[in-house]
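Note sheet for the following structure.
The values are calculated or read from the model by the stated rules, or taken from the named source; none is laboratory data. This is a predicted model, so every value here is computed, not measured. Here the Cβ positions follow ideal geometry from the backbone for every residue, glycine too, while neighbour counts run over all protein chains shown. Keep in mind that these areas ignore ligands, DNA and RNA; they rest on the heavy atoms of the full protein, side chains included. Shrake-Rupley method; radii C 1.70, N 1.55, O 1.52, S 1.80 Å.
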Amino acid sequence: SALLVVISFRCLSNITLNQNIHLESKRLPLIDFFKANPLCTLARFFAEFQTSFLIIFTVVFGNKIGFSPEKSGLLLSAFMASGFLDVSIGFFLKKHSPYKMINIGFLGSLICFIGINIFYENYILLLLIYFSSGIFVACIYVCALNIVNEDYPEKKLVAANSTFHIIGSIGSIIALVCGGYLISVFGPQGFTMTIITSCLCYLTFLVFYKK
């Protein structure tokens, strides 16, 4: 991995720009970002919400349903292992709208965690569901980032991407607070309840926004 990073930087250092691009250092307020594209804002928020929640609480969830820490950790590994398929999302973006892909991502994530709620005793099936959920969450993130890069001119990309990542940080913090509370109150059901609720929040907003 370290070698690939070094090679990447070496390749990028040889790229020369045909013109000087003036980058605006002025920040982009969250409210302005949301007004410009509320769907992208919520997609970023809930993508990080789900990712952070799963990374922190998967082992807790596994222990609560009777799995060993090792088996619980493998669930998280299955979620992260789907990352090598992120590149394939770019190929789908060439043929499909990023908004459509985001909707598919949330629907897929919703189905995955409804499945976890039903098949939580089947460990092999849980591994497959976790792997699939990693693909759907990655789909949401990649497509939301694509929207930002398409919607803003080059000189405003730095400010837009900074705000984009701040939204993710807020989602991460809220996920830990809300998710921890729901698990403490409802036990293992609180785990799936957190993700399912996040998907339903986005999809509900989508329905009213389209109207």
Query raised in the report: Can I116 be described as over 30 Å from D151 (Cα atoms) and open to solvent by 30 Å² or more (accessible area, probe 1.4 Å)?
Result: no
Query raised in the report: Which of (1) part of a helix (DSSP H, G or I); (2) modelled with pLDDT under 85 does Q19 not meet, given it meets every other one?
Result: (1)
Query raised in the report: Looking at this structure, is G90 at negative phi, surrounded by 11 or more Cβ atoms within 10 Å (Cβ to Cβ), of a type in the set (G, A, S) and modelled with pLDDT under 90?
Result: yes
Report task. Considering only region 48-60, state which residues are open to solvent by less than 10 Å² (accessible area, probe 1.4 Å) and within 18 Å of E121 (Cβ to Cβ). Result -> T58
Query raised in the report: Within region 119-156, can you find the residues that are polar (S, T, N, Q) and surrounded by 20 or more Cβ atoms within 10 Å (Cβ to Cβ)?
Result: S133
Query raised in the report: Within the set of pairs 6+ apart or on separate chains, which have a first residue in region 190-205 that is in contact (Cβ under 8 Å) with a residue 24 or more places away in the chain, a second that is outside any helix (DSSP H, G or I), and C-beta atoms under 9 Å apart?
Result: F191/I65; T192/Y120
Query raised in the report: Which pairs have Cβ atoms under 9 Å, sit 6 or more apart or on different chains, and link a residue in region 59-76 that is touching a residue at least 60 places away in the same chain (Cβ under 8 Å) to one that is exposed (fewer than 15 other Cβ atoms within 10 Å of the Cβ) and of a type in the set (D, E)?
Result: I65/E121
